[in-house]
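Chemist: For reference, the structure I am asking about is given below.
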Amino acid sequence: MKYIELSEAIAIHEKIIEKTGGLSGYNETQIGYLASALEHIKNDDYYPTITDKITHLIFSCVKFHPFADGNKRTSIFLGMHFLDLDKILPKNMNS
């Protein structure tokens, strides 16, 4: 399974802000929580399924507000990107 790196998450956020508007940048302390979540989802003992991993990733990005703006937008795109890395489509989107 492929995972998102923190630098990649920050780049995704910057692209979202560039296209949709808002404040760029991140909080030095809060970005650490996102980095932690990105590492934690690699642990199959705690997050055994793709659903568990994606839920924790999205929740962490929304809850901890690592970015100055656009945290909810970024969380959704990070979830989509995480699925896309391994070419995973939700079952109802296969048709």
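The values are calculated or read from the model by the stated rules, or taken from the named source; none is laboratory data. Keep in mind it's a predicted model, so treat the numbers as computed, not measured. Cβ sites come from the backbone with ideal geometry, for glycine too, and all protein chains shown count toward neighbours.
Chemist: If I filter segment 50-71 down to residues being more than 20 Å from I17 (Cα to Cα) and among the hydroxyl-bearing types (S, T, Y), which single residue comes out as modelled with the highest pLDDT?
Modeler: Among those residues, the one meeting the criterion is T55.
Chemist: For P66, indicate whether it is of a type outside the set (D, E, K, R) and exposed (fewer than 15 other Cβ atoms within 10 Å of the Cβ).
Modeler: So P66 does not fit the description; no.
Chemist: A further question follows. Scanning segment 1-11 for residues that are under 17 Å from D86 (Cα atoms) and out of contact with any Asp or Glu (no Cβ under 9 Å at 6 or more places or on another chain), which turns out surrounded by the fewest Cβ atoms within 10 Å (Cβ to Cβ)?
Modeler: Checked segment 1-11; the qualifying residue surrounded by the fewest Cβ atoms within 10 Å (Cβ to Cβ) is E5.
Chemist: Now for a separate question. Hey, can you tell me all the residues within segment 34-57 that are touching a residue at least 12 places away in the same chain (Cβ under 8 Å) and not small (G, A, S)?
Modeler: Hits for segment 34-57 are L34, L38, H40, I41, K42, I50, K53, I54, H56, L57.
Chemist: While we're here: Cβ-Cβ below 6 Å, separation at least six or inter-chain, first residue in segment 65-89 and free of Cβ contacts under 8 Å to residues at least 60 places away in the same chain, second of a type in the set (A, V, I, L, M) and not in a helix (DSSP H, G or I): which pairs?
Modeler: Within 6 Å, the pairs are A68/L23; D69/L23.
Chemist: Turning to a different aspect of this structure: Going through segment 75-95 one residue at a time, which ones are among the polar types (S, T, N, Q) and not in a helix (DSSP H, G or I)?
Modeler: Passing the criteria: N94, S95.
Chemist: Now a separate question. Read through the list (1) outside any helix (DSSP H, G or I); (2) more than 21 Å from K87 (Cβ to Cβ); (3) within 11 Å of the chain's Cα centre (by Cα), then give the number of the only condition that N43 fails.
Modeler: Failed condition: (3).
Chemist: Would you confirm whether or not segment 57-74 contains a residue that is among the aromatic types (F, W, Y) and part of a loop (DSSP other than H, G, I, E, B)?
Modeler: no
Chemist: What tally of residues in segment 15-36 results from selecting those that are surrounded by 16 or more Cβ atoms within 10 Å (Cβ to Cβ), within 26 Å of D86 (Cα to Cα) and either modelled with pLDDT under 95 or not hydrophobic (A, V, I, L, M, F, W, C) (or both)?
Modeler: Looking only at that region, the number is 1.
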